[in-house]
1. Between residue A:407 and residue A:113, what FRET efficiency comes out of the Förster formula 1/(1 + (r/R0)^6) with R0 = 41 Å and r the beta carbon distance, rounded to 0.05?
2. Quote the accessible area belonging to residue A:29 in square angstrom, nearest 10, computed with a 1.4 Å probe and with ligands, DNA and RNA left uncounted.
3. Which net charge results when you count Lys and Arg as +1 and Asp and Glu as -1 among the other residues whose beta-carbon is under 12 Å from that of residue B:10?
4. I'd like the distance between the alpha-carbon centres of segment A:201-280 and segment B:34-83, rounded to an integer number of Å.
5. With the Cα gyration tensor of segment A:205-285 giving a ≥ b ≥ c as the square roots of its eigenvalues, does the rule (a/c under 1.5 for rounded; else a/b larger than b/c for prolate; else oblate) give rounded, prolate or oblate?
6. Could you report the buried accessible area between B and A, both sides summed, computed with a 1.4 Å probe and given in Å² to the nearest 100?
7. Give the carbon-plus-sulfur fraction of the accessible surface of the protein assembly as shown in %, rounded to a whole number; probe 1.4 Å, heavy atoms of protein chains only.
8. What FRET efficiency would be calculated for the residue pair residue A:147, residue A:64, taking the C-beta separation as r and a Förster radius of 41 Å, to the nearest 0.05?
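The values are calculated or read from the model by the stated rules, or taken from the named source; none is laboratory data. Since we're looking at a predicted model, the values are computed, not measured. Note: ideal-geometry Cβ built from the backbone for every residue, glycine included; neighbour counts use all protein chains shown. Side chains are part of the model used for accessible areas, which takes the heavy atoms of the whole protein and leaves out ligands, DNA and RNA. Shrake-Rupley method; radii C 1.70, N 1.55, O 1.52, S 1.80 Å.
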Amino acid sequence: MSAISIDKSLIGHAPGDPVYLDYQATTPCDPRVLDKMLPWFTLRFGNPHSRNHAYGWAAEEAVELAREQVAAIIGADSKEIIFTSGATESNNLALRGAALFNKDRKNHIVTVVTEHKCVLDTCRHLEQEGFSVTYLPVQTNGLIDLAQLEAAITDQTVIVSVMGVNNEIGVIQPLAEIGAICRKKGALFHTDCAQAVGKIPLDVNAMNIDLMSISGHKIYGPKGIGALYVRRRPRVRLVPMITGGGQERGFRSGTLPTPLCVGLGEACAIAKVEMVEEAAHLKFLSQRLLDGLKAKLPEIYVNGDLEHRIPGNLNISFAFVEGEGLMMGVKGLAVSSGSACTSASLEPSYVLRALGVDVEMAHTSLRFGFGRFTTEADIDYAIDHVIEAVSHLREMSPLWEMHLAGVDIKSIQWAEH
Amino acid sequence: MAYSEKVLDHYEHPRNVGSLATDETDVGTGLVGAPACGDVMKLQIKVSAEGIIEDAKFKTFGCGSAIASSSLVTEWVKGKTLDEAAQIKNTDIAQELALPPVKIHCSVLAEDAIKAAIADYRKKHAHD
(Lines give C-alpha, C1' and ligand atoms only; values in the text may rest on other atoms or scores of the structure.)
Protein backbone atom coordinates (compact mmCIF):
# COMPACT_ATOMS: atom_id res chain seq x y z
CA MET A 1 0.00 0.00 0.00
CA SER A 2 1.43 3.36 -0.93
CA ALA A 3 0.86 6.24 1.43
CA ILE A 4 -0.59 9.34 -0.17
CA SER A 5 1.43 12.48 0.14
CA ILE A 6 -0.15 15.86 0.61
CA ASP A 7 1.75 19.05 1.17
CA LYS A 8 0.24 20.30 4.44
CA SER A 9 1.23 23.87 3.65
CA LEU A 10 -1.29 23.78 0.79
CA ILE A 11 -4.27 23.03 3.03
CA GLY A 12 -6.49 26.08 2.89
CA HIS A 13 -3.82 27.76 0.81
CA ALA A 14 -4.30 26.53 -2.72
CA PRO A 15 -3.08 29.17 -5.18
CA GLY A 16 -5.83 31.68 -5.96
CA ASP A 17 -8.11 30.49 -3.16
CA PRO A 18 -9.08 32.87 -0.39
CA VAL A 19 -7.38 32.30 2.94
CA TYR A 20 -9.63 29.97 4.89
CA LEU A 21 -10.73 31.52 8.20
CA ASP A 22 -13.99 29.68 8.76
CA TYR A 23 -12.86 26.77 10.94
CA GLN A 24 -16.11 26.77 12.95
CA ALA A 25 -18.03 26.02 9.74
CA THR A 26 -15.83 23.09 8.91
CA THR A 27 -12.19 22.02 8.94
CA PRO A 28 -10.10 20.42 6.24
CA CYS A 29 -9.57 16.72 6.71
CA ASP A 30 -6.10 16.19 8.16
CA PRO A 31 -3.97 14.27 5.61
CA ARG A 32 -2.95 11.88 8.39
CA VAL A 33 -6.64 11.12 8.90
CA LEU A 34 -7.23 10.59 5.20
CA ASP A 35 -4.21 8.27 5.06
CA LYS A 36 -5.77 6.03 7.67
CA MET A 37 -9.15 6.07 5.94
CA LEU A 38 -8.20 5.17 2.39
CA PRO A 39 -7.58 1.42 2.67
CA TRP A 40 -11.03 0.95 4.17
CA PHE A 41 -12.67 2.15 0.98
CA THR A 42 -10.99 -0.28 -1.36
CA LEU A 43 -8.86 -3.14 -0.07
CA ARG A 44 -10.65 -3.65 3.21
CA PHE A 45 -14.18 -2.84 2.25
CA GLY A 46 -15.90 -5.45 4.38
CA ASN A 47 -19.08 -4.88 6.30
CA PRO A 48 -18.04 -4.45 9.94
CA HIS A 49 -21.19 -6.35 10.93
CA SER A 50 -20.25 -9.42 8.85
CA ARG A 51 -19.36 -12.00 11.46
CA ASN A 52 -18.51 -14.88 9.17
CA HIS A 53 -15.36 -13.88 7.29
CA ALA A 54 -12.10 -11.98 7.51
CA TYR A 55 -13.33 -8.95 5.57
CA GLY A 56 -15.93 -8.30 8.24
CA TRP A 57 -13.58 -9.07 11.13
CA ALA A 58 -10.96 -6.62 9.87
CA ALA A 59 -13.52 -3.87 9.44
CA GLU A 60 -15.01 -4.56 12.84
CA GLU A 61 -11.59 -4.37 14.44
CA ALA A 62 -10.95 -1.00 12.77
CA VAL A 63 -14.32 0.37 13.88
CA GLU A 64 -13.75 -0.79 17.44
CA LEU A 65 -10.32 0.84 17.55
CA ALA A 66 -11.94 4.06 16.31
CA ARG A 67 -14.58 3.75 18.99
CA GLU A 68 -11.83 3.52 21.61
CA GLN A 69 -10.08 6.57 20.16
CA VAL A 70 -13.29 8.60 20.32
CA ALA A 71 -13.99 7.41 23.86
CA ALA A 72 -10.45 8.26 25.00
CA ILE A 73 -10.66 11.95 24.14
CA ILE A 74 -13.67 12.44 26.43
CA GLY A 75 -12.75 10.00 29.20
CA ALA A 76 -15.48 7.52 28.28
CA ASP A 77 -15.61 3.77 27.80
CA SER A 78 -15.74 2.68 24.17
CA LYS A 79 -19.02 0.82 24.80
CA GLU A 80 -20.60 4.22 25.45
CA ILE A 81 -19.87 5.58 21.95
CA ILE A 82 -22.55 5.39 19.24
CA PHE A 83 -21.51 6.33 15.71
CA THR A 84 -23.94 8.63 13.88
CA SER A 85 -23.95 10.68 10.68
CA GLY A 86 -22.89 13.82 12.52
CA ALA A 87 -23.66 16.14 15.41
CA THR A 88 -27.10 17.07 14.04
CA GLU A 89 -28.17 13.45 14.19
CA SER A 90 -26.52 13.03 17.60
CA ASN A 91 -28.40 16.03 18.97
CA ASN A 92 -31.67 14.74 17.54
CA LEU A 93 -31.10 11.28 18.99
CA ALA A 94 -30.10 12.57 22.42
CA LEU A 95 -32.98 15.00 22.83
CA ARG A 96 -35.78 13.16 21.09
CA GLY A 97 -34.54 9.79 22.28
CA ALA A 98 -34.40 10.77 25.95
CA ALA A 99 -37.58 12.85 25.87
CA LEU A 100 -39.67 10.16 24.19
CA PHE A 101 -38.30 7.35 26.36
CA ASN A 102 -39.32 9.26 29.50
CA LYS A 103 -42.50 10.85 28.23
CA ASP A 104 -44.77 9.00 30.63
CA ARG A 105 -42.75 10.23 33.61
CA LYS A 106 -41.48 13.69 32.72
CA ASN A 107 -42.29 16.34 30.16
CA HIS A 108 -39.87 19.24 30.58
CA ILE A 109 -36.65 20.17 28.76
CA VAL A 110 -34.16 22.93 29.56
CA THR A 111 -31.90 24.41 26.90
CA VAL A 112 -30.31 27.74 26.00
CA VAL A 113 -31.26 30.40 23.44
CA THR A 114 -27.78 30.35 21.85
CA GLU A 115 -27.78 26.62 21.07
CA HIS A 116 -27.25 25.41 17.52
CA LYS A 117 -30.37 25.33 15.35
CA CYS A 118 -30.46 21.54 15.38
CA VAL A 119 -30.99 21.58 19.15
CA LEU A 120 -33.46 24.47 19.09
CA ASP A 121 -35.43 23.09 16.19
CA THR A 122 -35.61 19.64 17.79
CA CYS A 123 -36.91 21.29 20.96
CA ARG A 124 -39.53 23.17 18.95
CA HIS A 125 -40.75 19.92 17.48
CA LEU A 126 -40.87 18.32 20.92
CA GLU A 127 -42.95 21.28 22.12
CA GLN A 128 -45.45 20.48 19.38
CA GLU A 129 -45.49 16.92 20.68
CA GLY A 130 -46.48 18.08 24.15
CA PHE A 131 -43.20 18.75 25.93
CA SER A 132 -42.57 22.09 27.61
CA VAL A 133 -39.19 23.70 26.98
CA THR A 134 -37.39 26.38 28.97
CA TYR A 135 -34.97 28.41 26.82
CA LEU A 136 -32.46 29.94 29.21
CA PRO A 137 -31.09 33.38 28.32
CA VAL A 138 -27.36 34.08 28.33
CA GLN A 139 -25.45 36.91 29.96
CA THR A 140 -23.78 39.60 27.86
CA ASN A 141 -20.62 37.45 27.75
CA GLY A 142 -22.58 34.56 26.21
CA LEU A 143 -22.45 32.32 29.30
CA ILE A 144 -25.48 31.01 31.16
CA ASP A 145 -26.26 32.00 34.74
CA LEU A 146 -25.91 28.84 36.86
CA ALA A 147 -28.43 30.02 39.45
CA GLN A 148 -30.96 30.53 36.65
CA LEU A 149 -30.24 27.03 35.36
CA GLU A 150 -30.73 25.49 38.77
CA ALA A 151 -34.00 27.37 39.25
CA ALA A 152 -35.25 26.22 35.84
CA ILE A 153 -34.84 22.49 36.56
CA THR A 154 -37.95 20.93 38.11
CA ASP A 155 -38.87 17.37 39.06
CA GLN A 156 -40.49 17.21 35.60
CA THR A 157 -37.22 18.01 33.80
CA VAL A 158 -36.08 15.01 31.82
CA ILE A 159 -33.04 16.55 30.14
CA VAL A 160 -30.88 19.67 30.15
CA SER A 161 -29.05 20.48 26.91
CA VAL A 162 -26.23 23.04 26.98
CA MET A 163 -23.54 23.24 24.32
CA GLY A 164 -19.86 23.05 25.26
CA VAL A 165 -18.60 25.70 22.86
CA ASN A 166 -20.75 28.09 20.85
CA ASN A 167 -20.28 27.88 17.09
CA GLU A 168 -20.62 31.62 16.46
CA ILE A 169 -18.80 33.22 19.37
CA GLY A 170 -16.62 30.39 20.67
CA VAL A 171 -17.54 30.83 24.33
CA ILE A 172 -17.12 27.84 26.64
CA GLN A 173 -20.01 27.04 28.99
CA PRO A 174 -19.12 25.83 32.52
CA LEU A 175 -19.82 22.15 31.81
CA ALA A 176 -18.57 20.74 35.12
CA GLU A 177 -20.76 23.10 37.12
CA ILE A 178 -23.77 22.43 34.88
CA GLY A 179 -23.20 18.68 35.19
CA ALA A 180 -23.08 18.89 38.98
CA ILE A 181 -26.37 20.80 39.07
CA CYS A 182 -28.09 18.34 36.73
CA ARG A 183 -26.88 15.35 38.72
CA LYS A 184 -28.04 16.93 41.97
CA LYS A 185 -31.48 17.71 40.54
CA GLY A 186 -31.94 14.36 38.82
CA ALA A 187 -32.03 15.57 35.20
CA LEU A 188 -30.03 14.10 32.35
CA PHE A 189 -27.25 16.35 31.04
CA HIS A 190 -26.72 16.46 27.28
CA THR A 191 -24.06 18.66 25.73
CA ASP A 192 -23.49 19.43 22.07
CA CYS A 193 -19.70 19.34 21.92
CA ALA A 194 -19.30 19.56 18.14
CA GLN A 195 -17.14 22.66 18.60
CA ALA A 196 -15.57 21.58 21.89
CA VAL A 197 -14.04 18.14 21.31
CA GLY A 198 -10.35 18.41 20.60
CA LYS A 199 -10.39 22.09 21.50
CA ILE A 200 -10.83 21.94 25.28
CA PRO A 201 -10.26 19.13 27.80
CA LEU A 202 -13.44 17.11 28.31
CA ASP A 203 -14.17 14.34 30.82
CA VAL A 204 -17.66 12.88 30.86
CA ASN A 205 -17.23 11.55 34.38
CA ALA A 206 -15.66 14.59 36.01
CA MET A 207 -18.28 16.75 34.30
CA ASN A 208 -21.25 14.44 34.99
CA ILE A 209 -22.19 14.38 31.33
CA ASP A 210 -24.81 11.79 30.35
CA LEU A 211 -24.97 12.44 26.61
CA MET A 212 -22.46 14.21 24.37
CA SER A 213 -22.67 14.98 20.66
CA ILE A 214 -19.48 14.83 18.61
CA SER A 215 -18.79 15.86 15.02
CA GLY A 216 -16.10 14.55 12.67
CA HIS A 217 -15.63 17.47 10.32
CA LYS A 218 -15.12 20.08 13.04
CA ILE A 219 -12.01 18.27 14.25
CA TYR A 220 -10.13 17.63 11.00
CA GLY A 221 -12.02 14.41 10.34
CA PRO A 222 -14.36 13.60 7.46
CA LYS A 223 -17.86 14.99 6.95
CA GLY A 224 -20.77 12.61 7.35
CA ILE A 225 -19.69 11.05 10.63
CA GLY A 226 -20.24 11.93 14.25
CA ALA A 227 -20.85 10.20 17.51
CA LEU A 228 -23.07 10.27 20.54
CA TYR A 229 -21.72 9.41 23.95
CA VAL A 230 -24.41 7.58 25.92
CA ARG A 231 -23.64 6.94 29.60
CA ARG A 232 -23.91 3.34 30.77
CA ARG A 233 -23.65 3.84 34.53
CA PRO A 234 -26.20 4.99 35.50
CA ARG A 235 -27.69 3.79 32.26
CA VAL A 236 -29.20 6.37 29.92
CA ARG A 237 -32.09 4.97 27.89
CA LEU A 238 -33.14 6.39 24.53
CA VAL A 239 -35.80 5.66 21.95
CA PRO A 240 -33.90 5.10 18.67
CA MET A 241 -34.60 7.38 15.73
CA ILE A 242 -33.33 4.94 13.09
CA THR A 243 -34.49 1.38 13.48
CA GLY A 244 -33.41 -1.73 11.64
CA GLY A 245 -30.73 -4.32 12.26
CA GLY A 246 -30.07 -3.17 15.79
CA GLN A 247 -26.48 -2.03 15.29
CA GLU A 248 -24.89 0.35 17.82
CA ARG A 249 -26.57 -1.31 20.81
CA GLY A 250 -29.92 -0.77 19.11
CA PHE A 251 -29.58 3.01 19.37
CA ARG A 252 -28.77 3.50 15.71
CA SER A 253 -29.31 0.84 13.08
CA GLY A 254 -27.49 0.83 9.77
CA THR A 255 -24.16 -0.44 8.48
CA LEU A 256 -21.30 1.57 9.90
CA PRO A 257 -19.21 3.46 7.33
CA THR A 258 -15.85 1.94 8.21
CA PRO A 259 -13.64 4.59 6.53
CA LEU A 260 -15.54 7.42 8.19
CA CYS A 261 -15.43 5.75 11.60
CA VAL A 262 -11.69 5.21 11.18
CA GLY A 263 -11.33 8.87 10.19
CA LEU A 264 -13.22 10.15 13.21
CA GLY A 265 -11.17 7.90 15.48
CA GLU A 266 -7.86 9.05 14.02
CA ALA A 267 -8.97 12.70 14.20
CA CYS A 268 -9.69 12.24 17.91
CA ALA A 269 -6.39 10.46 18.49
CA ILE A 270 -4.44 13.29 16.84
CA ALA A 271 -6.39 15.98 18.67
CA LYS A 272 -5.79 14.28 22.01
CA VAL A 273 -2.02 14.37 21.50
CA GLU A 274 -1.78 17.82 19.90
CA MET A 275 -4.52 19.79 21.67
CA VAL A 276 -2.36 21.65 24.18
CA GLU A 277 0.29 22.68 21.70
CA GLU A 278 -2.32 23.60 19.12
CA ALA A 279 -4.27 25.73 21.59
CA ALA A 280 -1.11 27.70 22.39
CA HIS A 281 -0.51 28.33 18.68
CA LEU A 282 -4.10 29.44 18.16
CA LYS A 283 -3.98 31.69 21.21
CA PHE A 284 -0.94 33.38 19.69
CA LEU A 285 -2.71 33.83 16.34
CA SER A 286 -5.88 35.11 17.99
CA GLN A 287 -3.99 37.71 20.02
CA ARG A 288 -2.04 38.76 16.94
CA LEU A 289 -5.23 39.23 14.93
CA LEU A 290 -7.01 41.21 17.62
CA ASP A 291 -3.99 43.41 18.40
CA GLY A 292 -3.35 44.01 14.72
CA LEU A 293 -6.90 45.10 14.02
CA LYS A 294 -7.22 47.22 17.16
CA ALA A 295 -3.98 49.04 16.37
CA LYS A 296 -5.50 50.53 13.21
CA LEU A 297 -9.27 50.37 13.67
CA PRO A 298 -11.22 52.20 16.38
CA GLU A 299 -14.74 51.13 17.35
CA ILE A 300 -14.37 47.38 17.03
CA TYR A 301 -15.82 45.04 19.62
CA VAL A 302 -15.32 41.35 20.36
CA ASN A 303 -18.61 39.51 20.86
CA GLY A 304 -18.62 36.96 23.66
CA ASP A 305 -16.34 36.37 26.62
CA LEU A 306 -12.64 36.69 25.86
CA GLU A 307 -11.46 34.45 28.71
CA HIS A 308 -13.94 31.58 28.53
CA ARG A 309 -13.42 31.10 24.84
CA ILE A 310 -11.69 28.69 22.49
CA PRO A 311 -8.61 30.35 21.01
CA GLY A 312 -9.61 29.55 17.41
CA ASN A 313 -12.54 31.96 17.33
CA LEU A 314 -12.86 35.72 17.22
CA ASN A 315 -16.25 37.26 16.50
CA ILE A 316 -15.83 40.98 15.98
CA SER A 317 -18.29 43.78 15.31
CA PHE A 318 -16.90 46.56 13.12
CA ALA A 319 -19.21 49.44 14.00
CA PHE A 320 -20.72 51.44 11.13
CA VAL A 321 -19.82 48.84 8.48
CA GLU A 322 -22.38 46.27 7.37
CA GLY A 323 -21.18 42.67 7.60
CA GLU A 324 -22.12 41.40 4.17
CA GLY A 325 -20.73 44.49 2.49
CA LEU A 326 -17.58 43.88 4.49
CA MET A 327 -17.39 40.25 3.40
CA MET A 328 -17.47 41.40 -0.21
CA GLY A 329 -14.60 43.71 0.63
CA VAL A 330 -12.49 40.95 2.13
CA LYS A 331 -12.90 38.54 -0.72
CA GLY A 332 -9.37 37.28 -0.15
CA LEU A 333 -10.67 35.74 3.07
CA ALA A 334 -13.23 33.00 3.63
CA VAL A 335 -15.05 34.18 6.74
CA SER A 336 -18.67 34.31 7.86
CA SER A 337 -20.87 37.11 9.11
CA GLY A 338 -23.67 37.56 11.63
CA SER A 339 -25.27 40.03 9.27
CA ALA A 340 -28.88 39.62 8.26
CA CYS A 341 -28.00 39.75 4.61
CA THR A 342 -26.16 36.46 4.81
CA SER A 343 -29.14 34.60 6.20
CA ALA A 344 -32.29 33.45 4.45
CA SER A 345 -34.44 35.13 7.09
CA LEU A 346 -32.85 38.59 6.78
CA GLU A 347 -32.65 38.60 10.58
CA PRO A 348 -29.26 39.24 12.16
CA SER A 349 -27.61 36.49 14.19
CA TYR A 350 -29.88 35.23 16.99
CA VAL A 351 -26.79 34.37 19.00
CA LEU A 352 -25.48 37.95 18.98
CA ARG A 353 -28.98 39.24 19.71
CA ALA A 354 -29.19 36.90 22.70
CA LEU A 355 -26.03 38.50 24.09
CA GLY A 356 -27.81 41.82 24.03
CA VAL A 357 -25.71 43.06 21.12
CA ASP A 358 -27.65 45.89 19.46
CA VAL A 359 -29.28 44.90 16.19
CA GLU A 360 -27.19 47.47 14.35
CA MET A 361 -23.99 46.05 15.84
CA ALA A 362 -25.07 42.49 15.07
CA HIS A 363 -25.24 43.54 11.42
CA THR A 364 -21.57 44.53 11.51
CA SER A 365 -20.01 41.31 12.76
CA LEU A 366 -17.51 38.96 11.18
CA ARG A 367 -16.55 35.56 12.54
CA PHE A 368 -12.89 34.65 12.19
CA GLY A 369 -12.24 30.97 12.78
CA PHE A 370 -8.74 29.61 12.56
CA GLY A 371 -7.16 26.28 13.26
CA ARG A 372 -4.51 23.69 12.68
CA PHE A 373 -3.41 24.85 9.24
CA THR A 374 -3.65 28.61 9.78
CA THR A 375 -0.29 30.34 9.58
CA GLU A 376 1.03 33.59 10.98
CA ALA A 377 1.22 34.85 7.39
CA ASP A 378 -2.51 34.12 6.97
CA ILE A 379 -3.27 36.25 10.02
CA ASP A 380 -1.04 39.10 8.85
CA TYR A 381 -2.73 39.02 5.46
CA ALA A 382 -6.14 39.05 7.16
CA ILE A 383 -5.19 42.02 9.32
CA ASP A 384 -4.12 44.13 6.33
CA HIS A 385 -7.07 43.05 4.23
CA VAL A 386 -9.67 43.76 6.92
CA ILE A 387 -8.17 47.13 7.87
CA GLU A 388 -8.22 48.21 4.23
CA ALA A 389 -11.79 47.07 3.64
CA VAL A 390 -13.20 48.52 6.87
CA SER A 391 -11.47 51.85 6.31
CA HIS A 392 -12.76 51.98 2.74
CA LEU A 393 -16.33 51.13 3.74
CA ARG A 394 -16.32 53.56 6.65
CA GLU A 395 -15.38 56.32 4.22
CA MET A 396 -18.52 55.31 2.35
CA SER A 397 -20.72 54.94 5.46
CA PRO A 398 -23.18 57.70 6.41
CA LEU A 399 -23.18 56.30 9.95
CA TRP A 400 -19.41 56.65 10.28
CA GLU A 401 -19.72 60.23 9.03
CA MET A 402 -22.35 60.95 11.68
CA HIS A 403 -20.25 59.27 14.34
CA LEU A 404 -17.25 61.46 13.45
CA ALA A 405 -19.50 64.53 13.54
CA GLY A 406 -20.56 63.58 17.06
CA VAL A 407 -24.11 62.60 16.13
CA ASP A 408 -25.59 59.88 18.33
CA ILE A 409 -26.96 57.35 15.84
CA LYS A 410 -29.52 56.21 18.40
CA SER A 411 -30.94 59.74 18.71
CA ILE A 412 -32.16 59.67 15.11
CA GLN A 413 -35.72 58.61 14.33
CA TRP A 414 -35.03 55.88 11.77
CA ALA A 415 -37.82 54.61 9.60
CA GLU A 416 -37.41 50.85 9.96
CA HIS A 417 -38.40 49.03 6.85
CA MET B 1 -24.37 34.36 -3.10
CA ALA B 2 -22.92 35.31 -6.43
CA TYR B 3 -23.20 38.97 -7.38
CA SER B 4 -23.77 40.26 -10.87
CA GLU B 5 -20.84 41.90 -12.62
CA LYS B 6 -22.56 45.27 -12.44
CA VAL B 7 -23.01 45.02 -8.67
CA LEU B 8 -19.36 44.07 -8.30
CA ASP B 9 -18.29 46.94 -10.53
CA HIS B 10 -20.26 49.51 -8.51
CA TYR B 11 -19.09 47.96 -5.24
CA GLU B 12 -15.45 48.04 -6.26
CA HIS B 13 -15.59 51.37 -8.08
CA PRO B 14 -18.44 53.27 -6.43
CA ARG B 15 -19.43 56.43 -8.34
CA ASN B 16 -19.97 59.72 -6.59
CA VAL B 17 -19.14 58.75 -3.02
CA GLY B 18 -19.13 61.78 -0.76
CA SER B 19 -21.17 64.51 0.80
CA LEU B 20 -22.57 67.86 -0.23
CA ALA B 21 -23.18 70.66 2.23
CA THR B 22 -26.57 69.79 3.72
CA ASP B 23 -27.31 73.41 4.66
CA GLU B 24 -26.87 74.87 1.15
CA THR B 25 -30.15 75.88 -0.42
CA ASP B 26 -29.34 74.18 -3.73
CA VAL B 27 -28.75 70.82 -2.03
CA GLY B 28 -31.42 68.26 -1.24
CA THR B 29 -30.61 65.39 1.17
CA GLY B 30 -32.37 62.06 1.52
CA LEU B 31 -31.49 59.77 4.43
CA VAL B 32 -33.41 56.49 4.35
CA GLY B 33 -33.24 53.05 5.89
CA ALA B 34 -32.25 52.15 9.43
CA PRO B 35 -29.09 50.78 11.05
CA ALA B 36 -31.19 48.10 12.73
CA CYS B 37 -32.29 46.84 9.31
CA GLY B 38 -28.73 46.68 8.06
CA ASP B 39 -28.90 49.42 5.48
CA VAL B 40 -28.85 53.22 5.52
CA MET B 41 -28.51 55.38 2.41
CA LYS B 42 -27.73 59.04 2.27
CA LEU B 43 -28.30 60.53 -1.18
CA GLN B 44 -27.71 64.17 -1.97
CA ILE B 45 -28.50 66.19 -5.08
CA LYS B 46 -27.28 69.62 -6.12
CA VAL B 47 -29.83 71.41 -8.28
CA SER B 48 -29.08 74.24 -10.73
CA ALA B 49 -31.14 77.40 -11.01
CA GLU B 50 -32.78 75.80 -14.08
CA GLY B 51 -33.98 72.87 -11.97
CA ILE B 52 -31.46 70.38 -13.36
CA ILE B 53 -29.63 67.96 -11.03
CA GLU B 54 -26.02 68.86 -11.71
CA ASP B 55 -24.35 66.79 -9.03
CA ALA B 56 -25.20 63.84 -6.83
CA LYS B 57 -23.35 62.15 -3.97
CA PHE B 58 -24.06 59.16 -1.78
CA LYS B 59 -22.91 57.35 1.31
CA THR B 60 -24.31 53.93 2.13
CA PHE B 61 -24.12 51.53 5.06
CA GLY B 62 -25.20 48.20 3.69
CA CYS B 63 -24.45 45.16 1.63
CA GLY B 64 -22.93 45.21 -1.84
CA SER B 65 -26.31 45.45 -3.52
CA ALA B 66 -27.27 48.46 -1.40
CA ILE B 67 -24.00 50.19 -2.24
CA ALA B 68 -24.39 49.39 -5.93
CA SER B 69 -28.02 50.58 -6.01
CA SER B 70 -27.15 53.94 -4.51
CA SER B 71 -24.05 54.33 -6.66
CA LEU B 72 -26.10 53.61 -9.78
CA VAL B 73 -28.83 56.15 -8.99
CA THR B 74 -26.29 58.93 -8.46
CA GLU B 75 -25.22 58.29 -12.06
CA TRP B 76 -28.78 58.19 -13.32
CA VAL B 77 -30.08 61.37 -11.67
CA LYS B 78 -27.32 63.62 -12.94
CA GLY B 79 -28.56 65.83 -15.78
CA LYS B 80 -32.19 65.04 -15.06
CA THR B 81 -34.88 67.47 -13.92
CA LEU B 82 -36.42 66.78 -10.52
CA ASP B 83 -39.56 65.44 -12.17
CA GLU B 84 -37.54 63.12 -14.40
CA ALA B 85 -35.48 61.89 -11.45
CA ALA B 86 -38.64 61.22 -9.47
CA GLN B 87 -39.69 58.80 -12.21
CA ILE B 88 -36.85 56.36 -11.50
CA LYS B 89 -38.38 53.11 -10.35
CA ASN B 90 -36.86 50.46 -8.11
CA THR B 91 -37.65 47.89 -10.79
CA ASP B 92 -35.35 49.75 -13.22
CA ILE B 93 -32.55 49.65 -10.67
CA ALA B 94 -33.13 46.00 -9.84
CA GLN B 95 -33.17 45.10 -13.53
CA GLU B 96 -30.04 47.07 -14.38
CA LEU B 97 -28.10 45.43 -11.54
CA ALA B 98 -29.71 42.00 -11.97
CA LEU B 99 -30.60 41.91 -8.28
CA PRO B 100 -31.93 38.61 -6.95
CA PRO B 101 -35.36 38.70 -5.22
CA VAL B 102 -33.80 38.77 -1.74
CA LYS B 103 -32.04 42.05 -2.67
CA ILE B 104 -35.00 43.90 -4.18
CA HIS B 105 -35.36 45.94 -0.98
CA CYS B 106 -31.98 47.54 -1.76
CA SER B 107 -33.41 48.99 -4.98
CA VAL B 108 -36.57 50.09 -3.15
CA LEU B 109 -34.38 51.93 -0.68
CA ALA B 110 -32.49 53.65 -3.49
CA GLU B 111 -35.76 54.84 -5.04
CA ASP B 112 -36.87 56.09 -1.62
CA ALA B 113 -33.54 57.92 -1.25
CA ILE B 114 -34.01 59.87 -4.51
CA LYS B 115 -37.58 60.77 -3.60
CA ALA B 116 -36.48 61.87 -0.12
CA ALA B 117 -33.69 64.05 -1.55
CA ILE B 118 -36.09 65.67 -4.01
CA ALA B 119 -38.65 66.24 -1.27
CA ASP B 120 -35.99 67.83 0.92
CA TYR B 121 -34.93 70.16 -1.89
CA ARG B 122 -38.53 71.10 -2.64
CA LYS B 123 -39.23 71.76 1.03
CA LYS B 124 -36.34 74.22 1.08
CA HIS B 125 -37.86 76.00 -1.92
CA ALA B 126 -41.52 75.79 -0.93
CA HIS B 127 -41.72 79.54 -0.46
CA ASP B 128 -39.71 80.57 -3.53
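1. 0.80
2. 50
3. Values: positive: B:6, B:15; negative: B:5, B:9, B:12, B:75, B:96.
Computed value for this residue: -3.
4. Taking the Cα centre of segment B:34-83 as reference, the centre of segment A:201-280 is 55 Å away.
5. Details: a/c = 3.05, a/b = 1.57, b/c = 1.94.
Oblate.
6. Buried area between the two chains comes out at roughly 2500 Å².
7. Details: 12030 of 22530 Å².
So the carbon and sulfur contribution to the accessible surface is 53 percent.
8. Details: r = 43 Å, r/R0 = 1.05.
Efficiency for this residue pair is about 0.45.
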